[in-house]
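Student: Quick one: the structure is below, and I'll ask about it shortly.
The values are calculated or read from the model by the stated rules, or taken from the named source; none is laboratory data. Quantities reported herein were computed from a predicted structural model and do not represent experimental measurements. Positions of Cβ are backbone-derived with ideal geometry, glycine not excepted, and every protein chain shown enters the neighbour counts. The accessibility values were calculated without ligands, DNA or RNA, using every heavy atom of the protein model including side chains. Shrake-Rupley method; radii C 1.70, N 1.55, O 1.52, S 1.80 Å.
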Amino acid sequence: MTALVLIAEDDVEIANILEAYFIREGFRTVHARDGKVALELHLALKPDIALVDVTMPRLDGWEVLAELRRRGNTPVIMITALDKEVDRLQGLRIGADDYIVKPFNPIEVVARAKAILRRAGLANTGATIRVGRLTIDLDSYQVNLETNGTVKPVTLTLTEFRLLAHLARTPSKAFTRGELIDACLPGSDAMDRTVDSHLSKLRKKLELAGAEGMLASIRGIGYRLVIEA
């Protein structure tokens with residue numbers, strides 16, 4: 001399984017951006033809008049790392065961090081709009097692994113999370129997704145399809161790979177074009193027809209490899225991956 005990231009952030013827009021970037025890099029994510037829900041999700045799901053905003057309702061980030069430290073050693077990155085040395089020192093004193101100030105570059109946040117997971121020996125972001133006859137290696141960006149006992153490589157562009165991997169993480173779920181843009185082309189000015197073009201090419205490559213009908217268009221919604229029983 002890929003590493004699970006708990007994003008505790010009451011600003012939904014910021015949380016969505018972080019989720020999109022982490023998912024694009026092969027992570028699984030779960031989002032909590034307040035500190036109490038964050039602790040409940042941590043207890044239930046045992047995430048590999050937590051990103052915790054300092055200013056949240058119900059329980060603030062410091063309270064969440066303190067409780068996480070009482071529970072164990074889950075790596076924690078504190079996120080705040082307060083660029084003050086005292087806040088940074090408080091976070092490190094309580095036991096934060098890193099401290100990031102808003103506004104931030106989400107690419108940097110992902111990179112720092114990866115570094116922390118590597119140091120903790122928890123990194124498993126380069127896992128393999130296996131769905132049906134498809135094998136998707138998130139580390140090497142390689143896709144293989146098994147057909148009649150033979151494994152065939154499927155050569156994809158980076159965007160096609162990201163789209164396929166995102167669809168494969170939740171097989172049979174129908175994704176809207178907007179969801180696919182947010183997850184696989186974040187920060188771009190891509191439009192619906194751009195996604196249609198990429199997925200049309202992806203479908204043709206899958207069909208040529210022997211996976212006819214695997215990528216389905218859902219009228220009025222978007223796309224989903226069809227996995228044979």
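Student: Out of L202, L156, L206, L163, which single residue is outside any helix (DSSP H, G or I), modelled with pLDDT of 90 or more, surrounded by 18 or more Cβ atoms within 10 Å (Cβ to Cβ) and not β-branched (V, I, T)?
Tutor: Going through L202, L156, L206, L163 in turn, the sole match is L156.
Student: Looking only at the range 209-224, which residues are part of a loop (DSSP other than H, G, I, E, B) and surrounded by fewer than 13 Cβ atoms within 10 Å (Cβ to Cβ)? Spell out how you get there, then give the answer.
Tutor: Here is the first cut: in the range 209-224, the residues part of a loop (DSSP other than H, G, I, E, B) are 210-214, 219-221.
Selection gives E212, G213, R219, G220, I221.
Student: Mind checking which pairs have a first residue in the range 33-44 that is assigned by the TED database to the domain that holds E13 and a second that is open to solvent by 80 Å² or more (accessible area, probe 1.4 Å) and not hydrophobic (A, V, I, L, M, F, W, C), Cβ under 8 Å, 6 or more apart or different chains?
Tutor: D34/R58; G35/R58; G35/E63; K36/R58; V37/R58; H42/R71; L43/R71
Student: Looking only at the range 21-62, count every residue that is within 16 Å of the chain's Cα centre (by Cα), of a type in the set (A, V, I, L, M, F, W, C) and open to solvent by 10 Å² or more (accessible area, probe 1.4 Å) and tell me the total.
Tutor: Of the residues in the range 21-62, 3 are within 16 Å of the chain's Cα centre (by Cα), of a type in the set (A, V, I, L, M, F, W, C) and open to solvent by 10 Å² or more (accessible area, probe 1.4 Å).
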